[in-house]
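Engineer: Dumping the structure here so I can ask a few things about it.
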Amino acid sequence: QKEVEQNSGPLSVPEGAIASLNCTYSDRVSQSFFWYRQYSGKSPELIMSIYSNGDKEDGRFTAQLNKASQYVSLLIRDSQPSDSATYLCAVNPRGTASKLTFGTGTRLQVTL
Amino acid sequence: DAGVTQSPTHLIKTRGQHVTLRCSPISGHKSVSWYQQVLGQGPQFIFQYYEKEERGRGNFPDRFSARQFPNYSSELNVNALLLGDSALYLCASSPGTDREAFFGQGTRLTVV
């Protein structure tokens with residue numbers, strides 16, 4: 001079982017719709033969770049961090065964390081073509097000195 | 001404020017050679033981590049340094065080494081390059097060991 005799992009996609013949504021990206025992780029003691037956006041040929045850009053159960057909203061982005069079910073999700077409202085990118089889920093397992101474990105990423109395509 | 005800066009941005013090396021990659025963290029950040037990203041995969045953790053001490057090491061061979069300087073900048077060294085070392089090498093800067101990590105633009109290494 002992979003430590004962090006994501007559907008590789010592509011996930012295709014029309015412009016203006018809500019995009020829902022999901023991630024599951026295997027280490028129950030994980031404490032910190034992050035979503036990064038990566039455009040093709042570029043480096044990852046941090047868009048959301050979440051540390052406690054529930055929802056965290058920032059503009060059009062909402063991160064959701066459920067530690068009991070070991071999943072974290074990212075919702076993108078009013079999706080724009082500029083949101084087309086690969087979204088990486090990253091987990092920081094407790095006690096590993098800030099080592100981030102990444103999923104393989106979900107490619108999102110926002111269509112006109 | 002300047003973000004994380006990495007140099008060089010692109011590099012072509014021959015098998016068996018040595019390479020040094022450099023990273024300057026965000027001002028005030030004391031933690032630097034290195035990641036390797038091959039095409040189609042998420043970044044893989046190589047090293048983390050905090051306050052000039054190694055705080056974590058990923059599953060990479062001893063050909064990989066790193067260090068952090070008093071000004072918190074860092075170098076990643078790879079000896080005896082293999083074709084499989086071709087990847088995007090990412091440096092991440094963080095205020096501490098359990099906080100958000102911000103990536104530089106990366107160094108694209110091609111081994112021929």
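Engineer: Given bins 5 angstrom wide, list per bin the percent of all Cα-Cα distances in the protein assembly as shown, short to long.
Structural biologist: In whole percents, the pair-distance histogram is 1, 7, 15, 18, 19, 16, 12, 7, 3, 1, 0.
Engineer: In whole Å, what are the Cα extents of chain A along the three principal axes, biggest one first?
Structural biologist: 44, 29, 22
Engineer: Okay, next question. Give the residues of segment B:75-112 whose amide nitrogen is closer than 19 Å to a point set 7 Å from the Cα of A:Tyr51 in the direction of its Cβ.
Structural biologist: Hits in segment B:75-112 for A:Tyr51 at 19 Å: B:93-103.
Engineer: With r defined as the distance between the Cβ atoms of B:Val112 and A:Lys42 and R0 fixed at 35 Å, what FRET efficiency is calculated, to the nearest 0.05?
Structural biologist: With R0 = 35 Å, the Cβ-Cβ based efficiency is 0.90.
Engineer: Assuming R0 = 45 Å, can you tell me the calculated FRET efficiency for the pair B:Ala2 and A:Lys2, based on Cβ-Cβ distance, to the nearest 0.05?
Structural biologist: 0.80
Engineer: If contacts are Cα pairs under 8 angstrom and at least 6 residues apart, what is the relative contact order of chain B in percent?
Structural biologist: Worked out over chain B, it gives 37 percent.
Engineer: For a label point 7 angstrom out from the Cα of B:Thr14 toward its Cβ, which stretches of segment B:76-112 have the backbone nitrogen within less than 11 Å?
Structural biologist: Inside the label zone: B:112.
Engineer: Dipole magnitude of chain A about its Cα centre, charges +1 at Lys/Arg Cβ and -1 at Asp/Glu Cβ only, in debye to the nearest 20?
Structural biologist: Dipole size: approximately 300 debye.
Engineer: DSSP beta bridges in chain B, what fraction antiparallel, as a percent rounded to 5?
Structural biologist: 90 percent
Engineer: Given a Förster distance of 45 angstrom, what is the FRET efficiency for B:Asn59 paired with A:Asp78, based on the Cβ-Cβ distance and rounded to 0.05?
Structural biologist: That pair, B:Asn59 with A:Asp78, gives E of 0.65.
Since every read-out is calculated from the coordinates, none of them should be taken as a lab result. Here the structure is a predicted model, which means the values were calculated and not measured. Ideal geometry is used to build each Cβ from the backbone, glycine not excepted, and the neighbour counts take in all protein chains shown.
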